[in-house]
1. Where the second residue is buried (at least 20 other Cβ atoms within 10 Å of the Cβ) and the first is of a type in the set (A, V, I, L, M) and lies in the stretch 45-56, which pairs have Cβ atoms under 7 Å and are six or more apart or on separate chains?
2. Taking the stretch 334-359, which residues are open to solvent by less than 50 Å² (accessible area, probe 1.4 Å) and either touching a His at 6+ places or on another chain (Cβ under 6 Å) or of a type in the set (A, V, I, L, M) (or both)?
3. Of everything in the stretch 164-222, what is among the hydroxyl-bearing types (Ser, Thr, Tyr) and closer than 30 Å to Val380 by Cα? Give them in sequence order.
4. In the stretch 158-187, which residues are part of a strand (DSSP E or B) and out of contact with any Lys or Arg (no Cβ under 8 Å at 6 or more places or on another chain)?
5. Scan (1) farther than 26 Å from Arg378 by Cβ; (2) open to solvent by 40 Å² or more (accessible area, probe 1.4 Å); (3) of a type outside the set (Asp, Glu) for the single condition Lys160 breaks and write down its number.
6. Applying the selection to the stretch 193-215, what residues are free of Cβ contacts under 8 Å to residues at least 12 places away in the same chain and not polar (S, T, N, Q)?
7. Ala155 is checked against (1) without any contact (Cβ under 8 Å) to a residue 40 or more places away in the chain; (2) of a type in the set (Gly, Ala, Ser); (3) assigned to a helix (DSSP H, G or I) and fails just one. What number does that condition carry?
8. Would you say Phe59 is surrounded by 14 or more Cβ atoms within 10 Å (Cβ to Cβ) and under 18 Å from Arg152 (Cα atoms)?
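The values are calculated or read from the model by the stated rules, or taken from the named source; none is laboratory data. Model, not experiment: these values are computed from the prediction. Cβ placement follows ideal geometry from the backbone for every residue including glycine, while neighbour counts extend to all protein chains displayed. Side chains are part of the model used for accessible areas, which takes the heavy atoms of the whole protein and leaves out ligands, DNA and RNA. Shrake-Rupley method; radii C 1.70, N 1.55, O 1.52, S 1.80 Å.
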Amino acid sequence: MSQNAPLSTRAILEKLIAFPTVCRTENVELIDWIETFLRDLGVRCLRVPGEQPGRFNLFASIGPETDDGIVLSGHSDVVPVEGQPWTTDPFALTERDGRLYGRGTSDMKGFLACMLVAARHAAQRQNLRAPLHLAFSYDEEIGCVGVHSLLRDLATQGFKARGCVIGEPTGLHVISGHKGKLAAKVTCHGLAAHSANPARGCNAISLAANMVKTIEALQEELKHSGTVDEHFEVPYSTMQVGLIRGGVALNIVPDLCDVQFEMRLLPGADPQPWLDRLREEATRLCAATPHARIEIETLNAYPGLDTSEDATFLRDIMRITGDNRASRIGFGTEGGLFNDYLNMPVVVCGPGSIDRAHKADEFILPEELDAGELFVKRIVETLL
């Protein structure tokens, strides 16, 4: 049987799950399979390499070359499984007790399978008046880093579309906004010394502890006097430390310690004033502490999403799902980047639940997958 035979959505998902496309690793074999599937349908494909070998974005188009199409978008990478107590093979789709288990079933290869079914549905139509576009990215799970090369390429080409659906798992409820993210590192340099006489050194961990206290104080300001948006479960921007690394031995005054923190920012919120405050404290601390030096660098950032409630595209997708109003979510997506690069309205809507993502025994329900297939087919019907 050839690859472009009418595989069911579940069968396509089974194929996709079998590719262990863990973030920060190659996804070329999965992209090869998807591109072959699409080219066998007669679909136009553009492969855009990333900065790392073996990692690719893929963009596909079906129908006329007009600027009023719709983009369906999803990331090909999944989070690692090491250390998680899986009861099934995470890279083999397993049905048990009415659930379909496997890494990426909900986040978000379930939607990728629906995208491919949508492509087949569109390719079978001879009367598309507007195109269907499919975007497959990589390394979304480490901060939406992979999609940039694709979006830069499309922006250079002057690509336009009516709107984009990011198929993250939302239970097929339409999402119009989410927070942005900034990840940063504070590197504290001190002076090593023997612990028998710590005054001869400068303890980098103590410097880091002061910086952590400053981050916590800034968080309290964000909570009590920052901008508020009650549409979010946590209605203010947040700032929190997630990683600390320092010291080499208990009997050595540590000369190096780094602290990594993140900000989850309301759409449109500017992190710079808060970073400036952190740098001011670092300068004050170093001036008061001999041998101290503190560096602050941004590691990664992506924007929030804030699609207008009056956007026609948003209303069109809500008519398909039956939602009376759009919601907002706390987790991030590539949606803000699509909006920034290509100036198009974006909604987030896909099958499955984010509550199952990144955990052992991740699953999607068969009826959720079926609903996702119906959703994308109805989107295709709007292009006729």
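1. Listed by first residue and then by second, the contacts come to Leu46/Phe59; Val48/Phe56; Val48/Asn57; Val48/Phe59; Val48/Leu150.
2. Leu337, Leu342, Met344, Val346, Val347, Val348, Ala357 - these are the residues of the stretch 334-359 that are open to solvent by less than 50 Å² (accessible area, probe 1.4 Å) and either touching a His at 6+ places or on another chain (Cβ under 6 Å) or of a type in the set (A, V, I, L, M) (or both).
3. Of everything in the stretch 164-222, those that are among the hydroxyl-bearing types (Ser, Thr, Tyr) and closer than 30 Å to Val380 by Cα turn out to be Thr170, Ser176.
4. Within the stretch 158-187, Gly163, Cys164, Val165, Ile166, Thr170, Leu182, Ala183, Ala184, Lys185, Val186, Thr187 meet the criteria.
5. Failed condition: (1).
6. Ala199, Ala209, Lys213
7. In the conditions (1) without any contact (Cβ under 8 Å) to a residue 40 or more places away in the chain; (2) of a type in the set (Gly, Ala, Ser); (3) assigned to a helix (DSSP H, G or I), Ala155 misses (1) alone.
8. Here the answer is yes, as Phe59 does meet what is asked.
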